[in-house]
Amino acid sequence: GTRFVIEPYIRFKGQVGEQATLFLFDPCGNALEFKSFRDMDQLFAK
């Protein structure tokens, strides 16, 4: 029953900074982003 702003997907697949990301609303209506990096050492990589 989760209502996503943006459905889960992989950003930058195969590139520096590859990440799984999704956006959803919390119960108060705030948009939240969650992401998970394949390699945390690339968190701020360009």
Where only protein heavy atoms count, and the probe is 1.4 Å, what is the accessible area per residue for the chain in Å²? 84
Show me the ranking of peptides 25-37, 8-20 by mean Cβ neighbours inside 10 Å, starting with the highest. 8-20, 25-37
Cα-centre dipole for the chain with unit charges at Cβ (Lys and Arg positive, Asp and Glu negative), debye to 20: 120
Can you tell me the convex hull volume per residue for the chain, based on C-alpha atoms, in Å³ to the nearest whole number? 82
The summed charge of the residue 15 Cβ neighbourhood (under 11 Å; Lys/Arg +1, Asp/Glu -1) stands at +3
Stretch residue 30-residue 11 to full length: gain in nm at 0.36 nm per residue minus the Cα-Cα span? 4.6 nm
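The values are calculated or read from the model by the stated rules, or taken from the named source; none is laboratory data. These numbers come from a predicted model, not from an experiment. In this analysis, Cβ positions are derived from the backbone assuming ideal geometry, glycine residues included, and neighbour counts consider all displayed protein chains. To get the accessible areas, we keep the full protein, side chains included, count just its heavy atoms, and leave off ligands, DNA and RNA. Shrake-Rupley method; radii C 1.70, N 1.55, O 1.52, S 1.80 Å.
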